[in-house]
Amino acid sequence: MLKETYICASCHAVYPSTPYIWKCKCGGLLNIEWERPAFSKEQIQSGLPGMWRYASALPFHSESSVWKDTTMGEGATPLVPLSEEDPHTFVKVDYMMPTLSFKDRGAAVLIAKAKEWGVKKIIADSSGNAGTSFAAYAKRTQMECDIFLGTGTSPKKIAQISAHGANIRMVDGTREEVAQAAQLAVQQEGTFYASHVFNPYFYEGTKTYAYEIWEQLSGAPDTVIIPVGNGTLLLGVYQGFCELLAEGLVTSLPKIVAVQAENCAPLAQAFHEQRLDIKSVQNKGTIAEGIAIAAPARAKQILHAIKQTGGYIVTAKEQEIKKAHAALAEKGFYVEPTTAANYAAYLKHQKTAQERIVLPLCGAGLKAV
Ligand SMILES: Cc1ncc(COP(=O)(O)O)c(C=O)c1O
Ligand SMILES: [Zn+2]
């Protein structure tokens, strides 16, 4: 077996990576440490489905076949120029995933790991897309699944989750109260917490986003513009490119430009006040529902990652997100509003002539009303 351990980001306490630990005794967040084998182009296994071509960079034993029963072919999404006028700007069409959002990258790895651990039931909380991914992968692996959602969740995402047979537990409260209700149930019921925020295996999945861009562009782009709520894509991208840099496969990290909705922007506020800690804000309501997170748990890590890459955070107004949504549709991309915020940020970005920019298109337009 691989030797994987959890290490607390706050007090550096070390734990064995076992299913029922999801935060440190001090309340700190857990990261994974494992002996990563060296990774090079030669390790890419082109015969494997989707993102699993990078299986040797993922925390599974090389003999393990557990993920083979879990995968639905997630990953290996297209990277195409935005338009003829913007030949150096690429969109990565991550809504072409089994459940129509990038969250499948993280859920596929986390659920495969849960299966390896023998987990029979999971609890997760979500603004919609992560819950959909977990519901689908849990069903595929015959795990029982409870998803905690807020009453304001998009009806289409609720329909998608219940179609996979998950038990929906509705909470009339903020996104943070939904998470607290899930965590209480995890504690009282002794269930596995499939948290895309707390469980670090999720980021092992989202890091494949960086590996794919590196392979598709034969190197790192200059800039990646990422919508950020809890930061599961942003932290995965950062981790992935850091690993590629450590292997000498890219020569520098891409600048990470994060975008938040102006109506719910705790990270943007902290960044502009040059703080590494956030003050929880009140979500004033945004059509970018996937990034409406008033108090992201991994805020410090997100802000650190942006700073390390020389990036910045920008906010998008509701009107700008709506316009960006329509403009992307005119170019052929029908996305959900959360990820249209990206394009709104792109339009404000002062790009240089040859700057290679990647915009993730994270969720399909059919998911939103
Ligand atoms: C379509 C879409 N894009 C972006 C995000 C942001 O991801 P995160 O909250 O992990 O930063 C989400 C989260 O639900 C999403 O659904
Ligand atoms: Zn700790």
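Excluding Gln142 itself, what net charge comes from residues whose Cβ is under 13 Å from its Cβ, given Lys and Arg +1 and Asp and Glu -1?
Cβ neighbours under 13 Å give a net charge of +3.
Where Lys and Arg each count +1 and Asp and Glu each count -1, what net charge lies around Glu247 among other residues with Cβ under 15 Å from its Cβ?
-1
For a footprinting-style exposure proxy, rank Cys145, Cys26 by other Cβ within 10 Å, fewest first.
Lowest to highest Cβ neighbour count: Cys26, Cys145.
For labels at Ala13 and Gln45 in the simple 7 Å Cα→Cβ model, what's the distance in nm?
3.6
Need one word for the range 103-193: rounded, prolate or oblate. Basis is the Cα gyration tensor (sqrt eigenvalues a ≥ b ≥ c); a/c below 1.5 gives rounded, then a/b vs b/c decides.
oblate
In the Gaussian network model of the chain, springs joining C-alpha atoms below 10 Å, which of Asp222, Asp86, Asp146 carries the largest mean-square fluctuation?
So, out of Asp222, Asp86, Asp146, the one fluctuating most is Asp86.
Go ahead and set up a Gaussian network model of the chain, Cα springs under 10 Å, then flag whichever of Gln45, Gln274, Gln160 fluctuates most.
Result for the chain, Cα springs under 10 Å: Gln274 fluctuates most.
Quick one: net charge of Leu303's neighbours, Cβ under 12 Å, K/R +1, D/E -1?
+2
List the aspartates and glutamates whose Cα lies under 17 Å from the Cα of Lys322, skipping any in the same chain that are fewer than 8 positions away.
Once the sequence-local aspartates and glutamates are set aside, what remains near Lys322 is Glu262, Glu289, Glu330, Glu336.
Using mean Cβ contacts within 10 Å as the protection proxy, how do 79-85, 266-272 order, highest first?
266-272, 79-85
Which order do peptides 49-56, 122-129, 12-19, 192-199 fall in by mean Cβ count within 10 Å, highest first?
122-129, 192-199, 49-56, 12-19
If you average the alpha carbon positions of the range 162-197 and of the range 296-320, how far apart do those two centres end up, in angstrom?
26
Using the Cα centre of the range 92-227 as origin and beta-carbon charges of +1 (Lys, Arg) and -1 (Asp, Glu), tell me which of Thr206, Gln187, Thr132 is placed farthest towards the positive end of the dipole.
Most positive-ward Cα: Thr132.
Which part of the range 33-72 falls in the paramagnetic zone of Glu247, meaning amide N under 14 Å from the point 7 Å along Cα-to-beta-carbon?
36-46, 51-60
For the residue pair Tyr334 and Lys284, what label-to-label distance in nm results when each label sits 7 Å from Cα along the Cα-to-beta-carbon direction?
3.2
Quick check: from the Cα gyration tensor, does the range 275-369 come out rounded (a/c under 1.5), prolate or oblate?
Oblate shape, in that a/c is at least 1.5 and b/c is the bigger or equal ratio.
I'd like the distance separating the alpha-carbon centroids of the range 240-283 and the range 17-69, in whole Å.
A separation of 23 Å, based on Cα centres.
Compute the FRET efficiency between Glu35 and Asp86 as 1/(1 + (r/R0)^6), taking r as their Cβ-Cβ distance and R0 = 30 Å, and round to the nearest 0.05.
Once rounded, the FRET efficiency stands at 0.10.
Pairs Lys279/Lys348; Lys156/Lys284; Lys41/Lys351; Lys279/Lys300: which exceed 20 Å Cα-Cα?
Lys279/Lys348; Lys156/Lys284; Lys41/Lys351
Placing +1 at every Lys and Arg Cβ and -1 at every Asp and Glu Cβ, with all other atoms neutral, what dipole size does the chain have around its Cα centre, in debye to the nearest 20?
Using only the charged Cβ atoms, the result is roughly 400 debye.
Which one of Glu42, Glu247, Glu336 has the biggest mean-square fluctuation once the chain is modelled by GNM with Cα springs under 10 Å?
Among Glu42, Glu247, Glu336, the largest GNM mean-square fluctuation belongs to Glu42.
Read the figures in this text as sums done on the coordinates, not as results from a lab. Note that the structure is a prediction, hence the values are computed from the model and not measured. As a convention, Cβ positions derive from the backbone with ideal geometry for all residues, glycine included, and neighbour counts pool all protein chains shown.
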